[in-house]
Amino acid sequence: MTSTFRLAGDHVGADVRWASTRRCRDHARFGRVSYREGVTLADAHVPTPPADDAPWWRSAVVYQVYPRSFADADGDGMGDLRGIIDHLDHIADLGADVIWLSPVYRSPQDDNGYDISDYQDVDPMFGTLADLDELLERAHARGLRVVMDLVVNHTSDEHAWFVESKASRDNAKADWYIWRDPKPGTVGGQPGAEPNNWGSAFSGSAWEWSPERGQYFLHIFSRKQPDLDWENPEVREAVFSMMRWWLDRGVDGFRMDVINLISKVPGLPEAPMHPSGYGDCTSLVVCGPRLLEWLQEMKREVFDARPGSYLTVGEMPGVTAELARIYTDRDTGPLNMVFQFEHVDLDADGLKWLVKPVTPLDIKRSLAGWQDAMGDRGWNSLYWCNHDQPRIVSRYGNDGEFWRESATALATVLHLHRGTPYVYQGEELGMTNVPFAGIDDYRDIETLNFYAEAVGRLGFPADDVMTVVRQKSRDNARTPMQWSAAPNAGFTTGEPWLPVNPNASWLNAEAQRDDPRSVLAHYRALIRLRHEDSVVVDGDFSLIQPDHPTLYAFARTTSAGRVAVYANLSDDPLDIDLDPADVGAALVLGNYPDAGAPDTLRPWEAWILRS
Ligand code: TEU
């Protein structure tokens, strides 16, 4: 079969509206092009905008801001709220609809703000509540919504609730956290006295001894992040009331941190052993017995009585597609969408740090499986990157020879799936992993704890450990945003809290802003396409040539038409056959400067075809 399609204008980083109204005359080079002189693409297929009565977040794109690394307005080396306010135009120009703000609450910053000591105040290092109000106002004025991070599986150990809880066994908040006695016959605080064998996600035991109270408390994450006891109705009401307070203040929803860990299996039984030497409690804490009930309760208590429509996304490591569909069911689900982890765990052999190779076919099967599983009842969130994940162009792309092509190909594939896309700051520029020289450059608690444990207790060679740290550390995502080629990438006039990636000299927002071939221009075009074409929002999903090892191709269809994606996820050219349904379709967006050959995809070339 000949892979002929019609070209809808200069398609590199093309502005989609422009492409869709431009006259397309110069396509004669495609032998079987059937485009009539003088007919615009708009005449050929008028894209129908998404329906007005559908929930707004279905056609939205979310931009995640990690405040400490976004922009520093006061020169202390740490990003802040005023820095975000100063750069709202960047987010608005990209076309994003929503900002998800990683935590800016008061926090000792043991886990960069995911350890909160006051849910209803802003940490002074980020600014004030008045700054946050101003950010909300200015974002809203640009049509941008703002979603807050809700971290309520745990608090900081410096939160007033925990300070009170640990003071005695009979205070008013004594049962707000998960307290347990030492194992019978042992001495509390001694190795082996922990109530069970669970390991923490950040290395070591998940239990910490509290001498004040003479008991252990559970912390699935760091010892400064004690888990709240959601079995206690007072805890739930305190969380719901705090959420209502934020909604009253004008926020537009919540990204709910590890929300599927709040319900633990009663009795906290021993867990199967893990290579780390501790029990792997995943099966005992993930999507536990009362999770659905409590999420329904949250929806009822916080959202149902309010006019308006909010965005709720539950971060859910280890969630199955079957459960995710239930949590996001369009009629009965308590959440709009969840973050699932399957496609970002493909390179982990059981443990994040045991890296294994991933093929394009693995990625395709995983993401396509989720498309099928959500069907038209559930809803996907679509992401490659966030503050916990290595940079996608370094991870599943080629950040050397095909940096631009692979960054844009991966973006194309993801954004054309059914679901709500998330863009993590710098992803829209194709930011890469950082080549830090040694462990001293890293700041992330997960990375530092792992390194200490792997090199110290487990005795692995430091060089081997550094190899995996460079691939997987969360600090790859957390290096400062690359605004320009100025010192410190224009992020700060001071000393940045985490070193800047040296490639900021050429990889930065300023260099890309007016370049129609840039990664940034490509992201803009993808976002615009979603806003303008209901097929991208609503279309059914089906893979094309599902078993092909490097071709990632699929179609989205509704009665309004068909959008097809053909992407070559490899460093080699690829001869392809178009699906018969796509022969004669218009090319609305590609990622090379010219149309190339009609039946060959160049390395990491990606096409979006419309018919
Ligand atoms: O992350 C949850 C989570 O599953 C992490 O353990 C994640 O798998 C890990 O960071 C991957 O390396 C959320 C937040 O996004 C993360 O930043 C926090 O550290 C964590 O919860 C605890 O609040």
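The values are calculated or read from the model by the stated rules, or taken from the named source; none is laboratory data. Since this is a predicted model, take the numbers as computed values, not measurements. Using ideal geometry, Cβ is built from the backbone for each residue, glycine included, and neighbour counts are taken over all protein chains shown. Surface accessibility is based on the protein's heavy atoms, side chains included, excluding ligands, DNA and RNA. Shrake-Rupley method; radii C 1.70, N 1.55, O 1.52, S 1.80 Å.
Can you tell me the accessible area per residue over the chain, all protein chains present, probe 1.4 angstrom, in square angstrom? Don't jump to the answer; show the numbers that get you there.
On the way: 22070 Å² over 611 residues.
So the chain comes to 36 Å² accessible per residue, rounded to a whole number.
Both the radius of gyration and Dmax for the range 489-528 are 12.7, 37 Å, in that order, over alpha-carbon atoms.
Size check on the range 180-308: the Cα extents along the three principal axes, sorted descending, read 55, 31, 23 Å.
From largest to smallest, the equivalent ellipsoid semi-axes obtained for the range 450-503 from the alpha-carbon gyration tensor read 30, 10, 8 Å. Within the chain, antiparallel bridges make up roughly 60 percent of the DSSP beta bridges whose residues both belong there. Sequence-ordered 3J(HN,Hα) estimates for the range 232-243 from the Karplus curve with 6.51, -1.76 and 1.60 and θ = phi - 60° stand at 7, x, 5, 5, 4, 5, 5, 5, 5, 5, 5, 5 Hz, glycine and proline given as x. Relative to the longest principal axis of the Cα atoms of the chain, the long axis of helix 462-472 lies at roughly 60 degrees. Within a Cβ distance under 13 Å of A193, other residues only, what is the Lys/Arg minus Asp/Glu net charge? Net charge in that neighbourhood comes out at -1. Kindly provide the helix-only [θ] at 222 nm of the chain, computed as the sum of -39,500 (n - 2.57) over DSSP H runs of four or more divided by all residues, to the nearest 500 deg cm²/dmol? Taken over the chain, the calculation gives -7000 deg cm²/dmol.
Shape of the range 256-365 from its Cα gyration tensor (a ≥ b ≥ c, root eigenvalues): rounded if a/c is under 1.5, otherwise prolate when a/b > b/c, or oblate? Because a/c hits 1.5 or more and a/b fails to exceed b/c, the range 256-365 counts as oblate. With a Cα cut-off of under 26 Å and a minimum spacing of 8 residues unless on different chains, the lysine pairs in the chain number 19.
A crude spin-label estimate for the pair V163 and L361, with each label 7 Å from Cα along the Cβ direction, gives 5.8 nm. Could you work out what % of the accessible surface of the chain is carbon and sulfur, using a 1.4 angstrom probe and leaving DNA, RNA and ligands out of the count? Roughly 50 percent of what the probe reaches on the chain is carbon or sulfur. For the range 87-235, the antiparallel share of DSSP beta bridges with both residues in that region comes to about 75%. Convex hull volume of the C-alpha atoms in the range 56-185, normalised per residue: 149 Å³.
Computed over the Cα atoms of the range 332-455, what is the ratio Rg over Rh, Rh following Kirkwood? Before the final figure, lay out the partial values.
Numbers: Rg = 15.9 Å, Rh = 16.1 Å.
Dividing the radius of gyration by the Kirkwood radius yields 0.99.
All alpha carbon pair distances within the range 99-255 were sorted into 5 Å bins beginning at 0; the resulting P(r) in whole percents reads 2, 9, 16, 19, 18, 13, 9, 6, 4, 2, 1, 0, 0. Calculate how steeply helix 360-374 sits against the longest principal axis of the alpha-carbon atoms of the chain, using the helix alpha-carbon long axis, and give the answer as 0 to 90 degrees to the nearest 10. Helix 360-374 and the main axis of the chain meet at about 80 degrees. Alpha-carbon geometry of the range 249-303: the Rg and the Dmax are 14.9, 46 Å, given in that order.
Under 5 Å between amide hydrogens, built in the peptide plane, is the criterion, and for L589 it picks out I608 among residues at least 5 positions away or on other chains. Counted residue by residue at 0.36 nm each, then reduced by the alpha carbon distance between them, the extension gain from E297 to D345 reaches 14.2 nm. Charge tally around I363: other residues with Cβ under 14 Å, Lys/Arg +1 each, Asp/Glu -1 each, net -1. Once backbone amide H atoms are built at 1.01 Å from N, F339 has G314, E315, M316 as its partners under 5 Å, excluding neighbours fewer than 5 places away on the same chain.
So what's the net charge close to W246: Lys and Arg +1, Asp and Glu -1, counting the other residues with Cβ under 11 Å from its Cβ? My count for the surroundings of W246 gives -1.
Here the chain is scanned for GluC sites (Glu not before Pro) in DSSP loops (not H, G, I, E, B) that have at most 16 other Cβ atoms within 10 Å, and the longest stretch holding none of them is 402-611. Normalise the Debye intensity by I(0) for the chain, one equal point scatterer per Cα, no solvent, then take log10 at q = 0.05, 0.09 Å⁻¹ and round to two decimals. Taking Cα atoms of the chain as identical point scatterers yields -0.22, -0.72. Classified by the C-alpha gyration tensor, the range 427-574 has an oblate form. Its axis ratio a/c, with a ≥ b ≥ c, is 1.5 or above, and a/b does not exceed b/c. Given in Å, the Rg to one decimal and the Dmax to the nearest whole number for the Cα atoms of the range 165-221 are 11.1, 31.
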